[in-house]
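Have a look at the structure below, then the notes.
Just so it is clear, none of the values below were taken in a lab; they were calculated from the coordinates. None of the values given here were measured: they were computed from a predicted structure. Glycine also receives a Cβ, built like all others from the backbone with ideal geometry; neighbour counts cover every protein chain displayed.
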Amino acid sequence: MVGFIWSGAYLGTTVAFPVAGYIIGLSGWFSGWRTVFHVSGIAGILWSIMWYLVLESTPAQHPTITPQELHYIQTKYGMLHMRRVGVTWRRHKREPYVCACVCACVLRVFAFLASTQHQEATGLTGALESLLHEH
């Protein structure tokens, strides 16, 4: 599930970069780098509103769920009674899986930043040149 969620972030980046380049290349009032921030901000707000309207706290509260679907979820996943459980962060931060996820996220950001700094060329060629040669 985590891989599916992270792939959405990469898909969004893949779509956003060419759209941003197209918007910057336009002429007129709807152009320039400031417009890219406005468009992406509006898209994020609309995305949040859509999820706010679609999601519910529990499957039983969702207005479009059928009794058969609810029964399947409750028997398959044991969600008969939802209760709030406190998170013991002290114990979880010592778990090797949590440490591995944190390290992977930090290294992913580092790799992205290292590959995109000081690029004379654009795209893949610029990233490879930046990694292979010191500036």
| For H38 and A114, what is the calculated FRET efficiency with R₀ set at 35 Å and r taken between the beta-carbons, to the nearest 0.05? | 0.75
| Length released on extending from C101 to Y52, taking residue separation times 0.36 nm less the Cα-Cα span | 14.9 nm
| Gained length - F17 relative to A60, 0.36 nm times residue gap less alpha-carbon distance | 11.5 nm
| Over the stretch 1-60, equivalent-ellipsoid semi-axes from the Cα gyration tensor in Å | 29, 16, 6
| request: Output ³J(HN,Hα) for the stretch 99-110: one whole-Hz value per residue in order, computed from phi by the Karplus curve 6.51 cos²θ - 1.76 cosθ + 1.60 with θ = phi - 60°, and x for Gly and Pro. | output: 4, 5, 5, 5, 4, 4, 5, 5, 5, 5, 5, 4
| FRET efficiency for Y72 and F4, using Cβ-Cβ distance with R0 set to 22 Å, rounded to 0.05 | 0.55
| query | Which whole-number percent is the relative contact order of the stretch 1-111 (Cα, under 8 Å, 6+ apart)? | reply | 9 percent
